[in-house]
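> Below is the structure I would like to discuss, written out as structure tokens.
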Amino acid sequence: QVQLVESGGGLVQPGGSLRLSCAASGSIRSINSIDWYRQAPGKQRELVAAFTPGGRTNYADSVKGRFTISRDYAKNTVYLHMNNLKPEDTAVYYCRAPLGGYEYWGQGTQVTVSS
């Protein structure tokens with residue numbers, strides 16, 4: 001079993017910043033595969049940020065230049081740094097770990113961008 005716990009969401013004004021955390025525990029040897037998704041009301045879940053097998057990063061076009069994914073192996077945690085937040089970033093953010101043909105998901109953390 002793998003457990004993923006997100007934290008760091010909240011209410012922020014447009015232009016503000018947040019840092020989301022995804023702490024992994026259980027039967028997970030590496031956090032290399034963990035990525036971030038989000039789902040806004042009435043919309044499909046979409047990939048926001050991920051690491052490639054080579055260690056580079058990929059981002060959705062809508063967040064490029066504003067979001068950064070990073071990881072701390074010592075803490076078994078993956079982060080999503082979000083800057084210059086916009087109202088359209090409002091969503092529930094999830095981290096995901098695809099392992100052994102199965103997808104593990106966290107419970108999600110709500111991010112609301114509003115004045």
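The values are calculated or read from the model by the stated rules, or taken from the named source; none is laboratory data. On a predicted model such as this, the values are computed, not experimentally measured, just so you know. No Cβ is skipped: glycine too gets one built from the backbone with ideal geometry, and neighbour counts run over all protein chains shown. In case anyone asks, the SASA skips ligands and DNA or RNA and just uses the protein heavy atoms, side chains included. Shrake-Rupley method; radii C 1.70, N 1.55, O 1.52, S 1.80 Å.
> Would you mind finding the one in LEU47, LEU20 that is aliphatic (A, V, I, L, M), modelled with pLDDT of 95 or more and in contact with a Gly (Cβ under 8 Å, 6 or more places away or on another chain)?
Testing whether each residue is aliphatic (A, V, I, L, M), modelled with pLDDT of 95 or more and in contact with a Gly (Cβ under 8 Å, 6 or more places away or on another chain) leaves just LEU20.
> Something else: So for region 87-95 (the condition being exposed (fewer than 15 other Cβ atoms within 10 Å of the Cβ), part of a strand (DSSP E or B) and either under 13 Å from the mean Cα position of the chain (by Cα) or among the acidic types (Asp, Glu) (or both)), does at least one residue qualify? Working first, answer last.
Applying the first criterion (exposed (fewer than 15 other Cβ atoms within 10 Å of the Cβ)) to region 87-95 yields 87-88.
Still in the running and part of a strand (DSSP E or B): none.
No.
> Among (1) assigned to a strand (DSSP E or B); (2) more than 18 Å from SER114 (Cβ to Cβ); (3) not acidic (Asp, Glu), where does LEU11 come up short?
(2)
> Can you tell me which residue in region 38-66 is farthest from the chain's Cα centre (by Cα), limited to those that are open to solvent by less than 30 Å² (accessible area, probe 1.4 Å) and touching a residue at least 24 places away in the same chain (Cβ under 8 Å)?
Applying the filter and picking the extreme gives ALA40.
> Within region 34-82, track down each residue that is farther than 27 Å from GLY101 by Cβ and either in contact with a Cys (Cβ under 7 Å, 6 or more places away or on another chain) or assigned to a strand (DSSP E or B) (or both).
PHE67, THR68, HIS81, MET82
> So GLY15 fits all but one of (1) surrounded by 12 or more Cβ atoms within 10 Å (Cβ to Cβ); (2) touching a residue at least 40 places away in the same chain (Cβ under 8 Å); (3) not charged (D, E, K, R); what number is the exception?
The failed condition is (1).
> How many residues does region 18-33 hold that are open to solvent by 30 Å² or more (accessible area, probe 1.4 Å), in a strand (DSSP E or B) and closer than 15 Å to TRP105 by Cα?
Within region 18-33, residues that are open to solvent by 30 Å² or more (accessible area, probe 1.4 Å), in a strand (DSSP E or B) and closer than 15 Å to TRP105 by Cα number 3.
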